[in-house]
Amino acid sequence: MVLVNASNKTPPQKANKLAQADLQGGGKTETQEATAMHRARLGAEARLEVLEKQQKQMLTKLDEQRSRSGGRKSGDEQKVTPQLNSLEAELAKRLQADGREPRRKVLTGANTKAVTFAHYYDAMRQKIEAYGSAFFPRANGRALYGSLVIVVSVDNQGRITTNAQGKDGLSIGRSSGNPELDRQALAIVRASAPFGAFPSEMRNQIDVLDWVSTFEFTRDGVDRLELRH
């Protein structure tokens with residue numbers, strides 16, 4: 001909604017918003033919107049920081065339990081799922097761009113039920129899981145277990161591209177707490193790409209897919225990578 005205190009007889013040549021009265025020069029004011037977006041981003045980052053601290057405490061506890069059980073999952077991990085989903089949702093919100101150029105879609109493991117994106121997400125997930133399980137992270141001959149959130153931006157040819165901020169489209173959303181595991185996890189995603197061209201229905205809707213997912217390097221009989229969905 002845009003509130004104005006005056007109107008013109010001449011309609012704007014290129015309006016970005018709807019109003020009850022014409023206002024030449026009205027609509028988007030770059031400096032004002034940039035300031036508002038900056039404040040909103042700061043607020044989102046503050047909320048995200050709180051979530052990350054909570055997540056880190058919970059995941060540290062789970063990692064300790066998993067370490068004692070030799071990398072196997074414990075029943076307590078079910079309690080962490082809602083918090084992980086909250087973190088992914090906050091990351092998705094922070095990544096959501098203006099939406100005009102290019103057309104982007106922010107996807108998390110929890111919102112992939114739409115048929116348009118579900119098949120592509122599934123194929124992408126399976127390819128990364130297969131590669132990560134085959135080349136499981138190791139350091140000094142020992143497997144590295146842990147959980148982290150990765151953000152990846154993919155163009156319509158399935159290649160890793162820049163994110164909404166114009167930076168590298170492959171980054172850590174929440175660290176595992178182990179820099180070496182984080183590094184190898186990113187390498188696994190990069191080595192798994194490209195992920196194939198978007199189906200025509202996806203290309204009709206978006207140009208870039210911004211994907212947020214929780215990666216779990218665990219042992220359930222064998223060392224394997226699982227992407228939470």
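Kindly indicate the residue of the stretch 138-149 that is assigned to a loop (DSSP other than H, G, I, E, B) and in contact (Cβ under 8 Å) with a residue 40 or more places away in the chain and also farthest from residue 217 (Cα to Cα) among those meeting that condition. Ranking the candidates gives 144 first.
Considering only the stretch 150-206, state which residues are touching a residue at least 40 places away in the same chain (Cβ under 8 Å) and among the β-branched types (Val, Ile, Thr). Across the stretch 150-206, the qualifying residues are 150, 151, 152, 154, 161, 188, 189, 206. Please work out if residue 210 is assigned to a strand (DSSP E or B) and either free of Cβ contacts under 8 Å to residues at least 40 places away in the same chain or charged (D, E, K, R) (or both). Taking the combined requirement at face value, the residue satisfies it.
May I ask you to list the residues in the stretch 150-207 that are part of a helix (DSSP H, G or I) and out of contact with any helix residue (DSSP H, G or I) (no Cβ under 8 Å at 6 or more places or on another chain)? Selection gives 179, 180, 181, 182, 183, 184, 186, 187, 190, 200, 203.
Considering only residues that are modelled with pLDDT under 95 and out of contact with any helix residue (DSSP H, G or I) (no Cβ under 7 Å at 6 or more places or on another chain), which ones fall in the stretch 210-225? If the condition is that a residue be modelled with pLDDT under 95 and out of contact with any helix residue (DSSP H, G or I) (no Cβ under 7 Å at 6 or more places or on another chain), then 211, 219, 220, 221, 222 are the ones that fit.
The values are calculated or read from the model by the stated rules, or taken from the named source; none is laboratory data. Here the structure is a predicted model, which is why all the values come from computation and not from measurement. Backbone-built Cβ (ideal geometry, glycine too); neighbour counts: all protein chains shown.
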